[in-house]
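Visitor: After the structure tokens below, expect a handful of questions from me.
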Amino acid sequence: MTEEEPVAGQLGEKEDPEVQETVECVHLNKSLNGIAGKLPSPPLSPLLGHSIENNNNINNNIGANTSAKSSNGPIDGEVRRKRHPTEKAYYIAKELLMTERTYKKDLEVIDLWFRDELTKEEYMPEEVLTLLFNHVDPLYEHHTLLLKELEHRMAAWEGRTTAFTKGDVHRIGDLLLKMTSKLELYHRYIEKHRLILEKLEQSFKRNKTFEQIYRDFETRKVCYLPLNTFLLRPLQRILHYQLIVERLLKHYEPNHIDYNDCTQSRMQMEHIITNVTHNIHATENFVKLVELQRDLVGIDNVVNPSRQFLREGCLQKLSRKGFQQRMFFLFSDVLLYTNRTSGPLLQFKVHGQLPLRGVMVEESEPKMGNQFCFTIYGGNRALLVAANSQEEKDKWLEDLMQAVQEARELSDDTSRINYFSLKSCSSSEEVLDKTGATEDTHASTSGKERTQQQRSNTTVHVCWHRNTSISSRDQLLALENQLSGYLLRKFKNSNGWQKLWVVFTNFCLFFYKTFQDDFPLASLPLLGYSVTSPNERDHIQKEFVFKLQFKNHVYFFRAESEYTFNRWMEVISSATQHSGRLRLFSRKESETVSPRF
């Protein structure tokens, strides 16, 4: 099967005048089931039921080659400029509209879809659910009205309606100011959101019926992210409003008709922004710990008020059978190492834990063909591990050494954690299940079984399949950088461009035919990818195109303006260019003086 062969539902869409460019329709007429019958069963991706290690994997699940061309032919760039506004303020306002559409959809996941599932069962935790919906309902109602106003304003700005005079049209600050008049809704939500999250987690542990509904809902396509992630959206949205206002004020002259409204909006948001910034990191850490609690088997006290998530990812660990892939989880107090379980759930079994106060880290010589080795000492254990690159090795060493130092500085009471008795890391049982078969054998369980059981997109599974890692800094940056909008997409060997509604969030691009779709048709995790501009060999004769590449998988995406192109490059870079790369650069400078650290 070629790289461009279709693997998902239909993603083709006819030419849309909004982009004013020749768009070749892509008709995806082969189902996953049809393709699966011709291929061996690989390990299953955590994302929308797609496979990992073949051509119907997470790198190729977003479309197909195309052969039929639009009969309209190319549209001259001058015509495009005449039919649409070109000022930067228009594109900033359009970003607000596009992301508002996604925000409303994300609120619906909680307020409509999840609520509907809960009403089908009895004995639900009424107290916490009442608390939840009493705070989400007003936000959803407010943003439903705000979205309608934004759509009307942008239609007028584009000349698609004459309901406004020109002076009222080319501005967005008045709507932002109107939005800030409802900030009390956000104040209420910020005050209670942590309590809501904690009570939901308590109900999940205590109420088996609620737990099952919760787990089942996270396997539905409409819940394309872990459920708790949607409860972070209001906090993240306020930060995005701030970004929009700051960009407008930077663009406008003080005498612009929109300047005063934007200035007042910024002033009204200042207090709540401070509140959000104070709360969001702690909340996102809590949500991450809850997510890992679902994914880790063998330890049930991951969620701890004093514990901070620091890094997760793959390392090759030396055992009796040689180097084998393991997932490591670094927290502020402990390092866990795990392997993927053999059951239908995409989980990882904890095989060992090293309290950081007793850990030492040392660089090691290459061994058995692995170049980037280091040893982790803890208690009576010595783990020889290998990273997949010098960059990955540097990131692990830096975070480990810093975490160990900080853990040793804590008082005994602060650092005391209730650890569990786990299997020895040197035991052969680490890899074998009760039947004596390796877990990798069970990793090829039928796609149908795993698809029914899998959770929504989580970074731990992408790190496992991509053999990479992410830090808490990477995660915070990616969560706070979100974007939505239409892009044109093509493969490296295809001629035509396909228009898709694209949502970037949580290190991943999600693809829809239109913004009105309830759930994504496919997704592309960006961990491990690079984002660049096309080079001469790519033969791309279009403006505003960026290139995504992972090994031999190459995609091109085309934005509609320079501003939009820069924004997509900015947010995607937050997922593809980890914070460790910047730190590595500074470290390499210091190594010119001292080769050791």
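Visitor: What single numbered condition from (1) closer than 17 Å to Arg115 by Cβ; (2) part of a helix (DSSP H, G or I) fails to hold for Glu201?
Guide: Result: Glu201 passes all but (1).
Visitor: Tell me yes or no: at least one residue of the range 274-286 is of a type in the set (A, V, I, L, M), open to solvent by 10 Å² or more (accessible area, probe 1.4 Å) and under 30 Å from Arg237 (Cα atoms). Outline the logic, then answer.
Guide: Initial filter on the range 274-286 (of a type in the set (A, V, I, L, M)): 276, 280, 282.
From what is left, the residues that are open to solvent by 10 Å² or more (accessible area, probe 1.4 Å) are 282.
Add one more test, that the residue is under 30 Å from Arg237 (Cα atoms), and what stays is 282.
Within the range 274-286 (the criterion being of a type in the set (A, V, I, L, M), open to solvent by 10 Å² or more (accessible area, probe 1.4 Å) and under 30 Å from Arg237 (Cα atoms)), the answer is yes, since at least one residue qualifies.
Visitor: A further question follows. For the range 137-184, which residues satisfy the criterion of being at pLDDT below 90, among the β-branched types (Val, Ile, Thr) and over 17 Å from Ala89 (Cα atoms)?
Guide: Thr161, Thr162, Thr165
Visitor: Let me ask something else. Answer yes or no as to whether Gln242 is open to solvent by 30 Å² or more (accessible area, probe 1.4 Å) and within 24 Å of the chain's Cα centre (by Cα).
Guide: Details: open to solvent by 30 Å² or more (accessible area, probe 1.4 Å): yes; within 24 Å of the chain's Cα centre (by Cα): yes.
Yes, satisfied.
Visitor: Which condition from (1) within 25 Å of the chain's Cα centre (by Cα); (2) not in a loop (DSSP other than H, G, I, E, B) is the one that Val302 breaks?
Guide: (2)
Visitor: Please enumerate the residues belonging to the range 490-518 that are in a loop (DSSP other than H, G, I, E, B) and among the hydrophobic types (A, V, I, L, M, F, W, C).
Guide: Kept after step one, since they are in a loop (DSSP other than H, G, I, E, B), are these residues of the range 490-518: 492-497, 506-507, 513-518.
Once the filter is applied, which keeps residues that are in a loop (DSSP other than H, G, I, E, B) and among the hydrophobic types (A, V, I, L, M, F, W, C), the range 490-518 yields Trp497, Phe507, Phe515.
Visitor: Only one of (1) touching a residue at least 60 places away in the same chain (Cβ under 8 Å); (2) open to solvent by less than 10 Å² (accessible area, probe 1.4 Å); (3) touching a Phe, Trp or Tyr at 6+ places or on another chain (Cβ under 7 Å); (4) under 25 Å from Trp113 (Cα atoms) is not met by Phe504, so which one is it?
Guide: For Phe504, the exception is condition (3).
Visitor: Is there any pair with a first residue in the range 380-401 that is on the phi < 0 side of the Ramachandran plot and surrounded by fewer than 19 Cβ atoms within 10 Å (Cβ to Cβ) and a second that is assigned to a helix (DSSP H, G or I) and among the basic types (Lys, Arg) whose Cβ atoms are under 8 Å apart and which are 6 or more apart or on different chains, and what are they?
Guide: Listed pairs, sorted by first residue: Glu391/Arg581; Glu398/Arg583; Glu398/Arg587.
Visitor: I'd like the full set of residues that are open to solvent by less than 50 Å² (accessible area, probe 1.4 Å), hydrophobic (A, V, I, L, M, F, W, C), in contact with an Asp or Glu (Cβ under 8 Å, 6 or more places away or on another chain) and modelled with pLDDT of 90 or more, limited to the range 341-375.
Guide: Residues satisfying the conditions are Phe348, Leu356, Cys373, Phe374.
Visitor: So which residues in the range 95-129 are open to solvent by 70 Å² or more (accessible area, probe 1.4 Å) and polar (S, T, N, Q), if there are any at all?
Guide: Taking the range 95-129 first, the residues open to solvent by 70 Å² or more (accessible area, probe 1.4 Å) are 112-113, 115-116, 119-123, 126-127.
Thr119 - this is the single residue of the range 95-129 that is open to solvent by 70 Å² or more (accessible area, probe 1.4 Å) and polar (S, T, N, Q).
Visitor: Then there's this: Check the range 247-265 and report whether any residue there is part of a helix (DSSP H, G or I), open to solvent by 10 Å² or more (accessible area, probe 1.4 Å) and of a type in the set (Val, Ile, Thr). Before the answer, list the steps.
Guide: Within the range 247-265, the first condition is being part of a helix (DSSP H, G or I), and the residues that meet it are 247-251, 259-265.
Filter once more, keeping what is open to solvent by 10 Å² or more (accessible area, probe 1.4 Å): 247, 249-251, 259-261, 263-264.
Subsequent filtering for residues that are of a type in the set (Val, Ile, Thr) retains 263.
The answer is yes; a qualifying residue exists.
Visitor: Something else about it: Kindly evaluate Glu218 against the criterion of being surrounded by 15 or more Cβ atoms within 10 Å (Cβ to Cβ), at pLDDT below 95 and within 25 Å of the chain's Cα centre (by Cα). Can you show your working first?
Guide: Values: surrounded by 15 or more Cβ atoms within 10 Å (Cβ to Cβ): yes; at pLDDT below 95: yes; within 25 Å of the chain's Cα centre (by Cα): yes.
Yes; evaluated as a whole, the condition is true for this residue.
Table: residues versus (1) at pLDDT 90 or above; (2) open to solvent by 20 Å² or more (accessible area, probe 1.4 Å); (3) touching a His at 6+ places or on another chain (Cβ under 6 Å); (4) not basic (Lys, Arg).
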{"residue": "Gln541", "(1), (2), (3), (4)": "no, yes, no, yes"}
{"residue": "Phe546", "(1), (2), (3), (4)": "yes, no, no, yes"}
{"residue": "Arg558", "(1), (2), (3), (4)": "yes, no, no, no"}
{"residue": "Ser574", "(1), (2), (3), (4)": "no, no, no, yes"}
{"residue": "Arg581", "(1), (2), (3), (4)": "no, yes, no, no"}
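Visitor: Tally up the residues in the range 525-556 that are in contact with a helix residue (DSSP H, G or I) (Cβ under 7 Å, 6 or more places away or on another chain) and closer than 30 Å to Ala387 by Cβ, please.
Guide: Count: 9.
Visitor: I want to confirm something. Restricting to the range 475-492 and keeping residues that are modelled with pLDDT of 90 or more and not aliphatic (A, V, I, L, M), which single residue is nearest to Leu225 (Cα to Cα)? Break it down stepwise before answering.
Guide: Going residue by residue through the range 475-492, those that are modelled with pLDDT of 90 or more are 482-490.
From the residues that got through so far, the ones that are not aliphatic (A, V, I, L, M) too are 482, 484-486, 489-490.
Numbers: Gln482: 14, Ser484: 16, Gly485: 19, Tyr486: 21, Arg489: 23, Lys490: 26 Å.
The residue in question is Gln482.
The values are calculated or read from the model by the stated rules, or taken from the named source; none is laboratory data. From a predicted model like this one, the values you see are computed outputs, not experimental measurements. So basically every Cβ, Gly included, is an ideal-geometry build from the backbone, and we count neighbours across all protein chains shown. We work out accessible area using only protein heavy atoms, side chains counted, and drop any ligands, DNA or RNA first. Shrake-Rupley method; radii C 1.70, N 1.55, O 1.52, S 1.80 Å.
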